[in-house]
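The values are calculated or read from the model by the stated rules, or taken from the named source; none is laboratory data. Model, not experiment: these values are computed from the prediction. All Cβ positions, even for glycine, are placed from backbone atoms using ideal geometry, and neighbour counts span all protein chains on display. These accessible areas exclude ligands, DNA and RNA; they are computed on the full protein's heavy atoms, side chains included. Shrake-Rupley method; radii C 1.70, N 1.55, O 1.52, S 1.80 Å.
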Amino acid sequence: GILAHSSAMISDAIHSASDVLSTFVVIAGVKLSGKASDKEHPYGHERFECVAAILLAVMLAATGAGIGWAGLEKIRSGSAGLVVPGRLALIAAVISIVSKEAMYWYTRSAAKKINSSSLMADAWHHRSDALSSVGSFVGILGARLGLPVLDPAACVVICLFILKAAWDIFRDAVSKMLDTACPESVEQAMREVILAQSGVLGIDRLQTRLFGDRVYVEVEISADANTPLVQAHEISTQVHDAIERQFPTVKHCMVHVNPFEQAPEHIGGVS
């Protein structure tokens with residue numbers, strides 16, 4: 001960017017530098033969230049991932065705002081502040097697009113494999129960097145074709161891409177910090193698994209909550225009121241094991257058994 005006199009490429013470089021810093025934040029978040037439960041944190045440390053994602057979103061937003069402001073300053077300065085960028089900036093933009101897009105797919109695959117929200121946020125950071133490099137390429141190319149204002153204008157476009165990515169990451173992390181329930185489709189799948197267990201006559205209540213990237217489940221099932229305690233316990237254990245087996249993200253499943261009283265038979269039309 002400096003050698004080719006391209007403000008768009010310099011902005012893109014700043015965005016790339018923020019990638020390095022954000023990845024260290026993600027590493028710290030994943031490491032801390034993997035700590036075992038202790039006396040002070042009996043439910044574990046999974047929410048450290050959310051904290052890391054929120055920090056990443058703030059860093060992204062600050063980076064985007066700085067890039068956008070620099071671009072607007074260049075545009076407001078008029079023709080005196082506009083310089084036609086060199087060909088080297090175009091080559092750098094193409095290399096950046098290809099490498100950042102490859103990093104996005106690699107990081108996205110790893111995030112899905114370990115179900116990490118902060119790593120997925122970092123993947124989207126790479127994608128936003130790839131998109132910003134596309135903006136840089138278009139701006140640099142337009143400037144070289146006779147419209148120098150397109151180079152700093154690309155900075156503003158890059159800013160919008162980054163702010164959008166930051167908002168999405170922030171919103172997702174906050175929702176996981178607030179004990180949001182699982183999607184309805186997931187809860188419906190859980191109901192089907194529970195009702196498929198022997199001895200379960202119905203579901204009185206099912207509640208789920210996201211705790212970082214893990215899920216806590218509380219379910220009340222109905223069983224025959226005449227079932228011996230040992231057998232009722234076996235039924236609840238079957239439900240517990242089936243939920244944790246079928247849904248790997250479930251960290252804990254609490255099962256409560258309610259007695260189900262059969263309705264009295266109708267005799268002669270009178271109950």
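Any idea how far apart Glu218 and Ala110 come out in nm if each label point goes 7 Å out from Cα toward Cβ?
3.7 nm
How would the stretch 123-271 be classified by its alpha-carbon gyration tensor: rounded, prolate or oblate, with rounded meaning a/c under 1.5 and the a/b versus b/c comparison settling the rest? Provide the component values of the computation, followed by the final result.
Values: a/c = 5.18, a/b = 3.73, b/c = 1.39.
Note, shape of the stretch 123-271 comes out prolate.
Pick the calculated Rg and Dmax of the Cα atoms in Å for this structure from (1) 27.1, 100; (2) 36.4, 120; (3) 18.6, 58?
It is the value labelled (1).
Given DSSP loops and a limit of at most 15 other Cβ atoms within 10 Å, what is the longest stretch of the chain that contains no such trypsin sites (Lys or Arg not before Pro)?
40-271
Any chance you could run the full-extension gain for Ile2 through Ala225? It's 0.36 nm times the residue separation minus the Cα-Cα distance, nm to one decimal.
Numbers: separation 223, 0.36 × 223 = 80.28 nm, distance 7.83 nm.
Gain on extension, Ile2 to Ala225, equals 72.5 nm.
Given DSSP loops and a limit of at most 12 other Cβ atoms within 10 Å, what is the longest stretch of the chain that contains no such GluC sites (Glu not before Pro)? Display every interim value, and only then the final one.
Details: sites that count: Glu40, Glu261, Glu265.
Counting at most 12 other Cβ atoms within 10 Å as exposed, the longest clean stretch of the chain is 41-260.
Within straight cross-link reach of Lys164, meaning Cα distance under 29 Å, which lysines are found once same-chain residues fewer than 8 apart are removed?
Once the sequence-local lysines are set aside, what remains near Lys164 is Lys31, Lys74, Lys100, Lys112, Lys113, Lys176.
How far is it, in nm, from the label point at His256 to the one at Lys35 when both lie 7 Å from their Cα along the line to the Cβ?
Distance between the two pseudo-spin positions: 3.2 nm.
Provide the per residue accessible area, probe 1.4 Å, for the stretch 124-201, rounded to a whole number of square angstrom. Walk me through the numbers on the way to the answer.
On the way: 3780 Å² over 78 residues.
On a per-residue basis, 48 Å².
Pull out the extension gain between Asp241 and Ser198, defined as 0.36 nm times the separation in residues minus the alpha carbon to alpha carbon distance; nm, one decimal.
Working: separation 43, 0.36 × 43 = 15.48 nm, distance 1.29 nm.
Once the chain is fully extended between Asp241 and Ser198, it gains 14.2 nm.
Taking the convex hull of the Cα atoms, report for the stretch 94-156 its projected area averaged over all directions, in nm². Before the final figure, lay out each step's value.
Numbers: hull surface 16.5 nm².
Over all viewing directions, the stretch 94-156 projects a mean Cα-hull area of 4.1 nm².
Output the relative contact order of the chain, whole-number percent, from Cα pairs under 8 angstrom with separation of 6+ residues. Intermediate values should be presented prior to the final figure.
Working: 456 pairs, mean separation 51.3, N = 271.
Across the chain, relative contact order equals 19 percent.
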